[in-house]
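Asks: Sharing a structure below in structure tokens format, with a few things to ask.
The numbers here are math on the coordinates, done by the rules we state, and not lab data. Note that the coordinates shown come from a computational prediction; the quantities given were computed from them, not determined experimentally. Reconstructed Cβ throughout: ideal geometry from the backbone, glycine too, with neighbour counts over all protein chains shown.
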Amino acid sequence: MNHYELALVVNAKIEDEARNAVVENVKNIITKHGGTITNLEDCGKKRLAYDIQKMKEGNYYFIQFDAESTTPNEVEQRVRILDHVLRFLCIRQDA
């Protein structure tokens with residue numbers, strides 16, 4: 001099992017309920033493809049370095065999980081098509 005971290009930038013203009021639904025959906029995608037979530041960090045609303053889709057702010061989330069080497073690719077394919085996710089990045093963490 002490898003250790004991974006998924007960084008998400010979610011649209012800050014949507015309501016809290018919709019934002020929580022997006023994060024829950026991403027968590028379900030990870031567990032559906034064999035990952036085990038170890039930590040979820042909500043860093044809150046922060047200013048973006050540059051405008052994305054005419055938005056100046058986004059909500060940042062960092063999800064750490066353990067999974068096999070094929071899981072991050074599957075997760076990225078599904079997160080890529082989610083409506084309210086502005087940006088994402090999945091990296092492997094060294095032990």
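Asks: I'd like to know which of Gly44, Thr70, Met1 lies farthest towards the positive end of the charge dipole of the chain, counting +1 on Cβ of Lys and Arg and -1 on Cβ of Asp and Glu.
Replies: Selected residue: Gly44.
Asks: May I pose another question? Using per-residue counts of other Cβ atoms within 10 Å, averaged over each peptide, order 39-48, 1-10 from highest down.
Replies: So the peptides 39-48, 1-10, ranked by packing, come out 1-10, 39-48.
Asks: Can you pick out the pairs among Lys13/Lys45; Lys13/Lys54; Lys27/Lys56 whose Cα atoms lie more than 22 Å from each other?
Replies: Lys27/Lys56
Asks: About its Cα centre, how strong a charge dipole does the chain have in debye, to the nearest 20, once Lys and Arg get +1 and Asp and Glu get -1 at the Cβ?
Replies: 380
Asks: Please state the Cα pair-distance histogram of the chain with 10 angstrom bins from zero: what percent is in each bin?
Replies: Final binned percentages: 16, 51, 27, 5.
Asks: Also: For the chain, what is the calculated [θ] at 222 nm in deg cm²/dmol (nearest 500), taking -39500 (n - 2.57) for each run of four or more DSSP H residues and dividing by its residue count?
Replies: One gets -8500 deg cm²/dmol as the mean residue ellipticity at 222 nm.
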